[in-house]
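The values are calculated or read from the model by the stated rules, or taken from the named source; none is laboratory data. Since the structure is predicted, the reported quantities are computational estimates derived from the model, not experimental observations. Note that each Cβ is placed from the backbone with ideal geometry, even for glycine, and that neighbours are counted across all protein chains shown. The accessibility values were calculated without ligands, DNA or RNA, using every heavy atom of the protein model including side chains. Shrake-Rupley method; radii C 1.70, N 1.55, O 1.52, S 1.80 Å.
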Amino acid sequence: MHPSLFSPDILAGQQALVGGSTQGIGRAVAEVLAQMGASITLLARNEERLQQIAAELPTPTAQTHDYIVADFVDANVVATRVHDYLNSHPRGFEILINNTGGPAGGPLLAAPAEAFRAAFEQHLVCNQVLAQALVPTMQANQYGRIINIISTSVKQPLPNLGVSNTIRAAVGNWAKTLANEVASSGITVNNVLPGATVTQRHTSLIEQRAVQTGQSTESIEDNLLQLIPVHRFGQPEEIAAAVAFLASPAASYITGINVPVDGGRTGNL
Ligand SMILES: NC(=O)c1ccc[n+]([C@@H]2O[C@H](COP(=O)([O-])OP(=O)(O)OC[C@H]3O[C@@H](n4cnc5c(N)ncnc54)[C@H](OP(=O)(O)O)[C@@H]3O)[C@@H](O)[C@H]2O)c1
């Protein structure tokens, strides 16, 4: 990470709610936003990990970090937990990072109806209740940054990710619609689309594919690397760097766009 791009005065005094932030991309986003001076509220299921990470995040502006425990399996529960938090922290948030665990892999035709309902709840409805909870304060302050971690499948469906491909398109259109609705209030809404990024999800999708096909994990990885022009997988910090820019005041005239961070893998512009 280039230190001068992410200096602590950029987000000093700001508050960020970061979903899916106990590991992987969400955790890397929480780290960089904290490094830029923001106070972070982590949001995920595992309370022990949330507590540990909140204690480990950087505090260059002597800011404090905390967390909310919620399972995105039920958007009503997420809404209740966040509204409870806002009742005791009424200043609200400048930054919302919509992120959670990805849907299970597998071919479209093999997916049960319930997998689509669950993914829609976890990805789209949870984004909606979080936006409804946080946007009123952003509107009152005439400032906000909403960044959705989706997938390059918004632009080009990926093999063996039937449910994910389907739901990501809905989230992309939700985000574009919201971007237009809130643009006049100084709120930007953008999507970051990770390519193959080394996290627990990446490893488990490769292991699952190995079981399905009988191929070794090494040969699956080799095949995936052939599709990536930079010829390596991404690191969570590389996704977080794009999020950090979009979350900063400097990105004030960028809204309603998709930013692939994928080493060039996506085959269209
Ligand atoms: N890694 C990649 O190659 C890649 C590529 C494209 C898109 N993406 C997408 O980017 C997003 C993040 O991926 P990642 O690789 O960072 O995933 P990850 O390593 O599996 O981390 C997922 C995070 O979300 C939290 N989470 C999972 N299920 C949750 C639930 N039901 N309720 C609340 N929190 C939940 C987890 O924490 P707890 O267990 O504590 O809840 C964890 O902090 C996903 O949507 C993924 O599909 C990833």
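Brief remarks follow.
- Applying the condition of being within 19 Å of GLU238 (Cα to Cα) and at pLDDT below 95 to region 1-53 and asking which residue is nearest to the ligand (Cβ to nearest atom) yields MET1.
- Residue tally, condition away from the ligand (no atom under 16 Å from the Cβ), open to solvent by less than 60 Å² (accessible area, probe 1.4 Å) and out of contact with any strand residue (DSSP E or B) (no Cβ under 7 Å at 6 or more places or on another chain), over region 56-70: 2
- Selected residue [within 18 Å of the chain's Cα centre (by Cα) and away from the ligand (no atom under 13 Å from the Cβ)] from ILE146, ILE150: ILE146
- Pick from region 144-158, criterion part of a loop (DSSP other than H, G, I, E, B) and out of contact with any Ser or Thr (no Cβ under 8 Å at 6 or more places or on another chain), ranking: surrounded by the fewest Cβ atoms within 10 Å (Cβ to Cβ): PRO157
- Residues that are open to solvent by less than 30 Å² (accessible area, probe 1.4 Å) and either in contact with a strand residue (DSSP E or B) (Cβ under 6 Å, 6 or more places away or on another chain) or without any contact (Cβ under 8 Å) to a residue 12 or more places away in the chain (or both) were ranked within region 71-93; the one that is nearest to TYR143 (Cα to Cα) is PHE93.
- LEU161 meets all of the listed conditions (1) buried (at least 19 other Cβ atoms within 10 Å of the Cβ); (2) within 13 Å of the ligand (Cβ to nearest atom); (3) under 23 Å from ALA242 (Cα atoms) but one, namely (3).
- Region 109-137: number of residues that are open to solvent by 30 Å² or more (accessible area, probe 1.4 Å) and either touching a Lys or Arg at 6+ places or on another chain (Cβ under 6 Å) or within 16 Å of the ligand (Cβ to nearest atom) (or both): 10
- Residue count, region 204-245 (criterion: part of a helix (DSSP H, G or I), over 15 Å from the mean Cα position of the chain (by Cα) and small (Gly, Ala, Ser)): 3
- Filtering region 171-206 to residues that are surrounded by fewer than 16 Cβ atoms within 10 Å (Cβ to Cβ) and within 13 Å of the ligand (Cβ to nearest atom) leaves VAL198, GLN200, THR203, SER204.
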